[in-house]
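**Student:** Pasting a structure here, questions to come.
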Amino acid sequence: MARLRTAGARRRSMGEIAYVGIIGFLAALALLILVGPILVVLATSFTDSRSIRFPPTGFSLRWYELLLDEVRSRQIHRAVGNTLTVAAWAAGLATVLGTAAAVAMARAAGRAGRLADAFFMAPLVLPGLAFGLAALMYFSLLGFRPSLEMLVAGHLIVVAPFVLRTVGASLSQLDPSLLDASRSLGAGPVMTFRRVVLPLIAPGIAAGAFLAFMASVDNVPVSLFLSSARTDMLPIRMWGMMESTLDVRVAAVSGLLILTVFVLMLVMERFTGLTRRMRG
Amino acid sequence: MRSTWGLAAPLVAPLGLAYAAFFVAPLLMLFAVSFYADDRMTVLGLGQWQRFLGDAFHWKVIGNTVLLGLKTVAATLLLGLPLALAYRAASPGWQRVLLFVVVMPLLTSVVVRTFAWIVILGREGVVNQMVMGLGLAADPLRLLQTELGLVISLTQIEMPLLLLPLLSVMARIDPNLMDASASLGASPWRTLFRVILPLAAPGIAAGCLLVFASSTTAFISQSVIGGERLVYLPAMVWQQAMVVANWPFAATAAIALLVSVSAVIAVIATAGRIAGGRIHG
């Protein structure tokens, strides 16, 4: 993997050996740091002890059993339900509205197009925490009480950029001659969109919807301010479980999330080439 | 692309309206609220701003927050750049594996990744067991609730955000340029600094921007790993809004976060454009 190209040179100087060694070492360290923590959490979740330590003292599924217990983990279950409901609505709305906007913006070249793009991408770089607080003040001062609808509205803004980016990338790869061909064969704009454009950008839309859904499930800054005891969200509940007494069920929730992400990623990779789309 | 299907405006309008109602309006409200002088929000005035900007402690918090972001950017670059170079040199099969490994942590909840570092850096954590096992220290090292521990954690938590744009530009660099550089007698280091890095500048800037934005607003990682003694702007915003219930002051602190982060982001973006423009322009 760290076989770096040293084209042309047959005799390796000390400098080249140092280069391969240093770059290779740092790259390996980067990989270890990226993957290690995830494996540590996964292993920890199967511990049989009441304290969180690695390596675990013995294997058991007790924390998963406790987590799945409907009575003793009722609050967590409710938070999971809320999180999935909000994510489905936010990602669904973002996919429909975002795809429509991306299609329109793909044709808006020049300054206006770039400005619109920067505006719609802004939630990605603006501090989410400031936006979360802004949303809380806005909804409260308008007289709304905390609700899942409010969370959907806040999450919609945060996840829409993911749809815009993946659908926009798919559209930019679309061959314009296909559209000309469709038109010269007598197809109207709607027909061309449904029969030519949509099938070609479908994988991009699916990837965008998936990323939007995951971004909503993971969202902290908006949920931190908009959720309440009744509309508790999973990341916020997990934070609470970590802050007070370090509850080992956090490890079990984490383990389930990791396995779910892994499986979903394999599926999305198979059908949409997800990771290549994310690389861009 | 020529106009082939439908009209642009009706298609952008729904998302535009959603942004206006749920993004622009709340941010305007945030600004408005910061101009209430009292926490009951009855008297307008610049009181909150005077209180915020007049206190050296708040400036220190702003400085610490920006510094935390910059340290995280530096650490992710130190490890992320070599990984991107390895990615460039890897076979297509390995590239797919590496990409999967980079994306996987990104899609795994931030809270899960934060929790992982508690397990690793804690008193009985992985690092301390190794250090004590090797006899390098008699007592457990204190890593949680330190800035070092926080930067290490954020490095893993934010690195995928740097790597995605970086891998994308790296993959597009023409290998012939490197061969040319080498055959003209340049050492690999010279090729790295004079050919690869300038060409990758736009991707590096895009990645740094995302890492900076994300690490400065990472409230849960900052509060759980950093602890209460290390105060950053997000904790201040949260505390003022949800514990003290002083919304005008919380709004002022949130705008300070917004402005300081945006200023640094503008600098990074401009630097990326200049470095990229010199090569591509």
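The values are calculated or read from the model by the stated rules, or taken from the named source; none is laboratory data. Predicted model only: the values in this text are computed from it and were never measured. Ideal geometry is used to build each Cβ from the backbone, glycine not excepted, and the neighbour counts take in all protein chains shown.
**Student:** Within the stretch A:182-200, is there a residue that is polar (S, T, N, Q) and farther than 27 Å from A:Leu93 by Cβ? I'd like the intermediate steps shown before the answer.
**Tutor:** Initially, the stretch A:182-200 is screened for residues polar (S, T, N, Q), giving A:182, A:184, A:192.
This time we only want the ones that are farther than 27 Å from A:Leu93 by Cβ, so: A:182, A:184.
Yes, because at least one residue in the stretch A:182-200 is polar (S, T, N, Q) and farther than 27 Å from A:Leu93 by Cβ.
**Student:** Here is a list: B:Thr42, B:Thr76. Which entry is under 30 Å from A:Val250 (Cα atoms) and among the hydroxyl-bearing types (Ser, Thr, Tyr)? If you could, list the steps in order and put the result at the bottom.
**Tutor:** On the way: B:Thr42 fails: under 30 Å from A:Val250 (Cα atoms).
Criteria check complete, one pass: B:Thr76.
**Student:** Counting only residues that are free of Cβ contacts under 8 Å to residues at least 40 places away in the same chain and under 25 Å from the mean Cα position of the chain (by Cα), how many does the stretch B:28-52 have?
**Tutor:** 1
**Student:** Further question: Is it fair to say B:Ala269 is farther than 20 Å from B:Leu106 by Cβ and out of contact with any strand residue (DSSP E or B) (no Cβ under 8 Å at 6 or more places or on another chain)? It would help to see each step written out before you state the result.
**Tutor:** Numbers: farther than 20 Å from B:Leu106 by Cβ: yes; out of contact with any strand residue (DSSP E or B) (no Cβ under 8 Å at 6 or more places or on another chain): yes.
Yes; evaluated as a whole, the condition is true for this residue.
**Student:** Quick check on the stretch A:34-53: of everything there that is facing another protein chain (nearest Cβ under 7 Å) and buried (at least 20 other Cβ atoms within 10 Å of the Cβ), which residue is nearest to B:Ala86 (Cα to Cα)? Break it down into steps so the answer makes sense when it comes.
**Tutor:** First, pick out the residues of the stretch A:34-53 that are facing another protein chain (nearest Cβ under 7 Å): A:34-35, A:37-38, A:40-41, A:44, A:52-53.
Within this subset, residues satisfying the condition of being buried (at least 20 other Cβ atoms within 10 Å of the Cβ) are A:34, A:37-38, A:40-41, A:44, A:52.
Numbers: A:Leu34: 15, A:Pro37: 21, A:Ile38: 22, A:Val40: 25, A:Val41: 27, A:Thr44: 30, A:Ile52: 35 Å.
For the stretch A:34-53, the residue satisfying everything is A:Leu34.
**Student:** It is to be established whether one or more residues within the stretch A:143-154 are at pLDDT 95 or above and within 16 Å of the chain's Cα centre (by Cα).
**Tutor:** So far as the stretch A:143-154 goes, yes, one or more of its residues are at pLDDT 95 or above and within 16 Å of the chain's Cα centre (by Cα).
**Student:** Still on this structure: Could you tell me whether A:Val159 is more than 8 Å from chain B (Cβ to nearest Cβ), of a type in the set (A, V, I, L, M) and in a helix (DSSP H, G or I)? Spell out how you get there, then give the answer.
**Tutor:** Numbers: more than 8 Å from chain B (Cβ to nearest Cβ): yes; of a type in the set (A, V, I, L, M): yes; in a helix (DSSP H, G or I): yes.
It is true that A:Val159 is more than 8 Å from chain B (Cβ to nearest Cβ), of a type in the set (A, V, I, L, M) and in a helix (DSSP H, G or I).
**Student:** Now, a different point. Is at least one residue of the stretch A:51-64 over 16 Å from B:Val126 (Cα atoms), of a type in the set (Phe, Trp, Tyr), out of contact with any helix residue (DSSP H, G or I) (no Cβ under 8 Å at 6 or more places or on another chain) and modelled with pLDDT of 80 or more?
**Tutor:** yes
**Student:** Say whether the condition of being within 11 Å of another protein chain (Cβ to nearest Cβ) and buried (at least 24 other Cβ atoms within 10 Å of the Cβ) is met by at least one residue in the stretch A:241-251.
**Tutor:** yes
**Student:** Picking from B:Arg113, B:Arg123, which residue would you name as being among the charged types (D, E, K, R), within 11 Å of chain A (Cβ to nearest Cβ) and not in a helix (DSSP H, G or I)? Quick ask: steps written out before the conclusion?
**Tutor:** Numbers: B:Arg113 fails: not in a helix (DSSP H, G or I).
Step by step, each of B:Arg113, B:Arg123 is checked, and only B:Arg123 is among the charged types (D, E, K, R), within 11 Å of chain A (Cβ to nearest Cβ) and not in a helix (DSSP H, G or I).
**Student:** Continuing with this model, one more query. Grab the helices (runs of 4 or more DSSP H) fully contained in the stretch B:186-281, keeping just those with 3 or more residues being closer than 29 Å to B:Ile152 by Cβ, within 10 Å of chain A (Cβ to nearest Cβ) and of a type outside the set (Ser, Thr, Tyr). Before you say what the answer is, go through the steps one by one.
**Tutor:** On the way: elements: B:188-191, B:197-216, B:219-226, B:233-238, B:247-280.
It comes to B:197-216, B:219-226, B:233-238, B:247-280.
**Student:** Among the numbered criteria (1) crowded, with 17+ Cβ neighbours inside 10 Å; (2) in contact with a Lys or Arg (Cβ under 8 Å, 6 or more places away or on another chain), which single criterion is violated by A:Val80?
**Tutor:** The single condition A:Val80 does not satisfy is (2).
**Student:** Can I ask one more? Out of A:Met121, A:Met137, report the one residue that is over 19 Å from B:Met41 (Cβ atoms) and either facing another protein chain (nearest Cβ under 8 Å) or not charged (D, E, K, R) (or both).
**Tutor:** Testing whether each residue is over 19 Å from B:Met41 (Cβ atoms) and either facing another protein chain (nearest Cβ under 8 Å) or not charged (D, E, K, R) (or both) leaves just A:Met121.
**Student:** Ok, one more. Report, by residue number, each residue of the stretch B:96-126 that is of a type in the set (S, T, N, Q) and free of Cβ contacts under 8 Å to residues at least 24 places away in the same chain.
**Tutor:** B:Thr108, B:Ser109, listed by residue number.
**Student:** For the list (1) surrounded by 20 or more Cβ atoms within 10 Å (Cβ to Cβ); (2) of a type outside the set (Val, Ile, Thr); (3) at pLDDT below 95, I need the number of the one condition that B:Arg229 fails.
**Tutor:** Going through (1) surrounded by 20 or more Cβ atoms within 10 Å (Cβ to Cβ); (2) of a type outside the set (Val, Ile, Thr); (3) at pLDDT below 95 one by one, B:Arg229 breaks only (1).
**Student:** Among the residues of the stretch A:192-203, is any closer than 30 Å to B:Gly93 by Cβ, at pLDDT 90 or above and in contact with a Phe, Trp or Tyr (Cβ under 8 Å, 6 or more places away or on another chain)?
**Tutor:** Yes, there is a match, as at least one residue in the stretch A:192-203 is closer than 30 Å to B:Gly93 by Cβ, at pLDDT 90 or above and in contact with a Phe, Trp or Tyr (Cβ under 8 Å, 6 or more places away or on another chain).
**Student:** Another one. Does any residue of the stretch A:164-173 turn out to be within 17 Å of the chain's Cα centre (by Cα), part of a helix (DSSP H, G or I), surrounded by fewer than 15 Cβ atoms within 10 Å (Cβ to Cβ) and assigned by TED's automatic domain parsing to the domain that holds A:Pro221?
**Tutor:** Checked the stretch A:164-173: no residue is within 17 Å of the chain's Cα centre (by Cα), part of a helix (DSSP H, G or I), surrounded by fewer than 15 Cβ atoms within 10 Å (Cβ to Cβ) and assigned by TED's automatic domain parsing to the domain that holds A:Pro221.
Conditions tested, residue by residue: (1) crowded, with 16+ Cβ neighbours inside 10 Å; (2) touching a Gly at 6+ places or on another chain (Cβ under 8 Å); (3) assigned to a helix (DSSP H, G or I).
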{"residue": "A:Leu84", "(1), (2), (3)": "no, no, yes"}
{"residue": "A:Leu97", "(1), (2), (3)": "yes, no, yes"}
{"residue": "A:Ala106", "(1), (2), (3)": "yes, yes, yes"}
{"residue": "A:Gly113", "(1), (2), (3)": "no, no, yes"}
{"residue": "A:Ala122", "(1), (2), (3)": "yes, no, yes"}
{"residue": "A:Leu133", "(1), (2), (3)": "yes, no, yes"}
{"residue": "A:Phe139", "(1), (2), (3)": "yes, no, yes"}
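**Student:** Among the residues of the stretch A:174-224, count how many are crowded, with 21+ Cβ neighbours inside 10 Å, more than 23 Å from A:Ile157 (Cβ to Cβ) and not aliphatic (A, V, I, L, M).
**Tutor:** Of the residues in that region, 1 qualify.
**Student:** So which residues in the stretch B:126-137 are more than 8 Å from chain A (Cβ to nearest Cβ) and either touching an Asp or Glu at 6+ places or on another chain (Cβ under 8 Å) or of a type in the set (A, V, I, L, M, F, W, C) (or both), if there are any at all? Lay out the reasoning, then the answer.
**Tutor:** Step one: filter the stretch B:126-137 for residues more than 8 Å from chain A (Cβ to nearest Cβ), giving B:127-128, B:130-137.
Passing the criteria: B:Val127, B:Met130, B:Val131, B:Met132, B:Leu134, B:Leu136, B:Ala137.
**Student:** Quick check: is even one residue across the stretch B:147-157 under 22 Å from A:Thr57 (Cβ atoms), surrounded by fewer than 19 Cβ atoms within 10 Å (Cβ to Cβ), free of Cβ contacts under 8 Å to residues at least 12 places away in the same chain and not polar (S, T, N, Q)?
**Tutor:** Keep residues of the stretch B:147-157 that are under 22 Å from A:Thr57 (Cβ atoms), which gives none.
No: zero hits.
**Student:** Of all residues in the stretch A:94-115, count the ones that are facing chain B (nearest Cβ under 8 Å) and in contact (Cβ under 8 Å) with a residue 60 or more places away in the chain.
**Tutor:** The number of residues fulfilling the criteria is 6.
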